[in-house]
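A quick write-up on the structure given underneath.
The values are calculated or read from the model by the stated rules, or taken from the named source; none is laboratory data. In this text the structure is predicted, and so the values were computed from the model without any measurement. Don't worry about glycine lacking a Cβ; one is built from the backbone with ideal geometry, like all the others, and counts go over all protein chains shown. Surface areas here come from the heavy atoms of the whole protein model, side chains and all, with no ligands, DNA or RNA. Shrake-Rupley method; radii C 1.70, N 1.55, O 1.52, S 1.80 Å.
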Amino acid sequence: KNAQFAMAKTLKLFNPILKDKPTIHSKAYISNDASIGEDVTISPGVYIEQGVIIGDGCKIGPNSYIGENSVLGKDCHLFANVSVHKNTSIGRNVIIHSGTTIGSDGFGFVTINGVHEKIPQTGNVTIESDVEIGSNCSIDRATIGSTSIGEMTKIDNLVHIAHNVKIGKGCLITAAFAVAGSTEIGDFCTF
């Protein structure tokens, strides 16, 4: 009745995901006051700052960075070269592909007497459970408050989500899409 769904189930059947034995590589840096759950894999070159909480079953790819006081829920998978800046909150079962940056500064400037003065970006990013984010995306931290991605939202490669954006549940955002600052998107929207 649904050929795409049947194909997805068939592909999973013939291509099972094999789980590696969880390991924490000796060439990863983990702050002494970070909290690491059980059955976690941390690859070489990973840098985890103070106050970070990593949930059970997470897998952190090579050369990824997790900034201070960030939280990853259970069973998250960050591929290689992912940057998660400070105070980011990520739910369960979140997948973030290579080269993506979460929580970098939003583009905030005010021009005074011909000079562009930077507006501090003091907020954070919250990502709810079962979200998948493609490669080379950028999700900016809020100026004040939170930039937020609702549960089960799927984001393709090369997407930019600006500061203070709110995206609802179950949205589908395809490649090379940009969302301007402070935009609010409802549930189950497709772009």
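Of note:
- Taking Cβ atoms as reference points and 11 Å as the exclusive limit, the residues near His85 contribute a net charge of -2, counting Lys and Arg as +1 and Asp and Glu as -1.
- Share, in percent, of DSSP beta bridges within the range 28-115 that are antiparallel, nearest 5: 5 percent
- Restricting attention to the range 1-104, the count of lysine pairs at 8 or more positions apart or across chains with alpha carbons under 14 Å apart stands at 4.
- Here the range 97-152 yields Rg over Rh of 1.11, to two decimals, using C-alpha coordinates and the Kirkwood radius.
- Taking every alpha-carbon pair under 8 Å whose residues sit at least 6 apart, the range 86-191 reaches a relative contact order of 22 percent.
- Counting Lys and Arg as +1 and Asp and Glu as -1 over every other residue whose Cβ lies under 14 Å from the Cβ of Asp130, the net charge comes to -1.
- Based on Cα contacts under 8 Å between residues 6+ apart, the range 1-107 shows a relative contact order of 17 percent.
- Under 5 Å from the amide H of Thr100 lie the amide H atoms of Ser83, Asn136, Cys137, each residue being 5 or more positions distant or on a separate chain, with H modelled from the backbone and absent for Pro and chain starts.
- In terms of accessible area, using a 1.4 Å probe and ignoring ligands and nucleic acids, Ser35, Ser70, Ser135 rank largest first as Ser35, Ser135, Ser70.
- Rolling a 1.4 angstrom probe over the protein heavy atoms with all chains in place gives the chain an accessible area of 55 Å² per residue.
- In sequence order, calculated HN-Hα J values of the range 171-184 (Karplus, 6.51, -1.76, 1.60; Hz; x Gly/Pro): 7, 10, 10, 8, 4, 6, 8, 10, 10, 6, x, 6, 6, 10
- Candidates Pro16, Pro62, Pro44, ranked by Gaussian network fluctuation over the chain, Cα under 10 Å, top entry: Pro16
- Using the alpha-carbon positions of the range 1-94, Rg (one decimal) and Dmax (whole number) come out as 15.4, 53 Å.
- As computed over the chain, the Cα convex hull volume per residue (Å³): 126 Å³
- Antiparallel content of DSSP bridges confined to the chain, in %, to 5: 10 percent
- Of all accessible heavy-atom area on the range 1-119, the percent that carbon and sulfur account for (1.4 Å): 54 percent
- For the chain, built as a Gaussian network whose Cα springs stay under 10 Å, the top-fluctuating residue of Val165, Val125, Val115: Val115
- Over the chain, relative contact order from alpha-carbon pairs under 8 Å, at least 6 apart, %: 11 percent
- Counting Lys and Arg as +1 and Asp and Glu as -1 over every other residue whose Cβ lies under 12 Å from the Cβ of Gln121, the net charge comes to +1.
- Dividing the summed helix terms, -39500 (n - 2.57) for each DSSP H run of n ≥ 4, by the number of residues in the chain produces a 222 nm estimate of -2000 deg cm²/dmol to the nearest 500.
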